[in-house]
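See below for the structure under consideration.
What follows draws every value from the coordinates through simple rules; no lab data is involved. As the structure is a prediction and not an experimental result, all values here were calculated from the model. Methodologically, a virtual Cβ is constructed for each residue, glycine included, from the backbone with ideal geometry; neighbour enumeration extends over all protein chains shown.
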Amino acid sequence: MNCLTIILIYFIFFIFGLIFGSFLNCLVYRLANDKKISGRSFCPKCKTKIKWFDNIPLISFLFLKGRCRACQEKISWQYPLIELTMGLLFLLPLLKANLSLSGFLFEKNFIIEIFQDWLIYFVLVFTFIYDIKYLEVSDLVIFSSGALILILNLFLKQNHILAWLKPTLFAMLVAFLFFLLQYLFTKGKGIGLGDLRIGLFMGLVLGHWRFLFLALVFAYLIGSFVSLALIVLKKKSFKSQIPLGPFLTIGTFLTLFFGEKIINFYF
């Protein structure tokens, strides 16, 4: 595979990421405001429908200088940042692959793995944003994506499905009990049931209790540090509600990217 082809593939994957990032932003707003998922995009302020040339990921934001064409209301930086983040995340499956192998894109398992990775990244970024903005977790996104990941793995691991399923179900059970006990012990004041659902998703995508444990260590360490920093800076108080979900997604991301090396180093 020559260099020009590789660059083209990276560019196409990046564009796909931008598109999915744009959809993610739309989904966050519409689910939170009980709007239909389908239909034309519109300005949240003046409700004017956005024309296609004003709805091009990244480019339209820069061209419009971050303002709605109709009402001149500022467009949140969330939109271009999430689009760019998803564009970069969609490149990761290629970085894990050996691009020197010609025809890899036409292998069924590789295509399924790419789609699964994209889906996981989408759910984690969505949950990160949604929990920060609304202190909620979307059951629609978590459970529908989880079911789809299970189905995809039936194809990916059809010859050794039990070898994947047993540790995965055990990791999900550990996550369920871990968060349920915290919820019961704190009477719902320490964590919410939404965190329990995120935990189930973490167990599913990480697939082993060791990776789950590592992700939780990352999440709680980072969460404690950030929370303490906000209190010191007087942005939050000890009684303030700080969502755990964003830290759980960060811990999951770190484990997906570095978990295997860390586990192999210590074990």
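Rounded to the nearest 500, what is the 222 nm mean residue ellipticity of the chain from helices alone, with -39500 (n - 2.57) per DSSP H run of 4+ residues and division by all residues?
On the way: 10 runs with 182 residues, N = 267.
Computed mean residue ellipticity for the chain: -23000 deg cm²/dmol.
Report, largest value first, the span of the C-alpha coordinates of the range 1-106 along each principal axis, in whole Å.
51, 29, 19
Assign one of three labels to the range 185-243, namely rounded, prolate or oblate, based on the Cα gyration tensor with a ≥ b ≥ c the square roots of its eigenvalues; rounded applies when a/c is under 1.5, prolate when it is not and a/b is larger than b/c, and oblate otherwise.
Values: a/c = 3.12, a/b = 1.69, b/c = 1.85.
Oblate shape, in that a/c is at least 1.5 and b/c is the bigger or equal ratio.
Take the eigenvalues of the Cα gyration tensor for the chain, scale each by 5, and report the square roots as semi-axes in whole Å, largest first.
Values: eigenvalues 184, 160, 59 Å².
The equivalent ellipsoid of the chain has semi-axes of 30, 28, 17 Å.
F42's amide H: which non-local residues (gap 5+, or another chain) put their own amide H closer than 5 Å, with H modeled 1.01 Å from N in plane and none for Pro or chain starts?
I50
Spelling out what I want: for every residue of the range 35-49, take phi, set θ = phi - 60°, compute 6.51 cos²θ - 1.76 cosθ + 1.60 (Karplus), and round to whole Hz; glycine and proline get x.
Residue by residue, the range 35-49 yields 9, 5, 5, 7, x, 5, 6, 8, 6, x, 7, 9, 6, 5, 5 Hz.
Could you estimate the translational diffusion coefficient of the range 110-267 from the Stokes-Einstein equation, with Rh from the Kirkwood formula over C-alpha pairs, at 4 °C and 1.567 mPa s, in whole µm²/s? If you can, show how the numbers build up before the last one.
Numbers: Rh = 16.3 Å.
The diffusion coefficient I find is 80 µm²/s.
Counting only other residues whose beta carbon sits under 14 Å from that of F53, what net charge do I get with K and R as +1, D and E as -1? Write out the running numbers ahead of the final one.
On the way: positive: R40, K49, K51, R69; negative: D54.
Computed value for this residue: +3.
Is the range 120-209 best put as rounded, prolate or oblate by its Cα gyration tensor, with a ≥ b ≥ c the root eigenvalues, rounded for a/c under 1.5, and otherwise prolate when a/b is larger than b/c, oblate when not? Before the final figure, lay out each step's value.
Values: a/c = 3.16, a/b = 1.47, b/c = 2.15.
Because a/c hits 1.5 or more and a/b fails to exceed b/c, the range 120-209 counts as oblate.
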